[in-house]
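The values are calculated or read from the model by the stated rules, or taken from the named source; none is laboratory data. Just so it is clear, the model here is predicted, and its values are computed rather than measured. So basically every Cβ, Gly included, is an ideal-geometry build from the backbone, and we count neighbours across all protein chains shown.
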Amino acid sequence: MERRERYDVVSRYKDEEKIQYQQSFFGCWESHWTRREESDFYRIISTFGVEFDLFTGRYKWDRFRTLARLEKKHDDTLTEYFQAFYHMCMRVCKKFKNDDDALPPNNIYVEPISEERASRSLARIDLLNKIRTETLAHPKFDERVKLCQTSYDLPSWWICGKHDKDLLRGAARHGVVRTDEFILNDPALSFKDVFRNKRPYVNSPHFMQSPGASQTPVKVKNKEEETELEIKAMIEKIKRESNKDKSEIDPQDVKKEPVSPDKKSDDLEHDFGKDVKKK
């Protein structure tokens, strides 16, 4: 209890210190970010990224605000916090070459995250931003996407060019989280036809397998059941290998030395003589 109370006091003190730090520069309550808001911002920024309007040169926060449940935050506030968050990730990953680049873009404080999370967030933000602003906006996108080549890792139903295009459009629209739910069920994309034709196999781990893999339908509701099936498969494999090793040993190869009746009697007399001497 004492440790918990001490933690609550320290956490409350940090929140008050952060509020005072932000209000000293902005002087308004709208600039304050609660822990829930910071967590929701990180959750969406690391999976959905940001949308940038090339014509106006400004970020579009309408969909982001809805996904992150940040209806109280204005566009300028979200832009400034995103710039501070991106700068924090760059600093944590040690991507600044000199001290001038390491200067913060504004006075907003963002709690540092681990280097692994910061690196993953930067990679996803940059990837989704490139898809939205460069790939899909390219004037020859429709022509070049038809040049996509097939791969052994692709499922058997994959149509090069068609599904590659829809995959990029789906990633730009929904991000990179829960793609099996959002992208497959998007009525504007062609994956809905695949979902309708192969519905019994969608929840199976073999749905996205390559043609050379097993296509046996196994319904898996969640990751726990999938892990359980994998463990059971490993146990069955170990059992089969164990039985195989036992079967390789021929019982005829194990020869027992015959014991003659005379030898048995001699052993009994020898043991009996020992007992007599002890007495």
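Of (1) of a type in the set (Phe, Trp, Tyr); (2) in a helix (DSSP H, G or I); (3) in contact with a Leu (Cβ under 8 Å, 6 or more places away or on another chain), residue 81 satisfies all except one. Which?
Every listed condition holds for residue 81 apart from (3).
Would you check if residue 231 is more than 26 Å from residue 134 (Cα to Cα) and at pLDDT 50 or above?
When the stated conditions are applied, residue 231 passes them.
Hey, which of the helices (runs of 4 or more DSSP H) in segment 127-222, taking only ones fully inside, have at least 2 residues that are under 30 Å from residue 86 (Cβ atoms) and at pLDDT 85 or above?
141-145, 162-174
Is segment 97-109 home to any residue that is modelled with pLDDT under 95 and part of a helix (DSSP H, G or I)?
Scanning segment 97-109, I find no residue that is modelled with pLDDT under 95 and part of a helix (DSSP H, G or I), so the answer is no.
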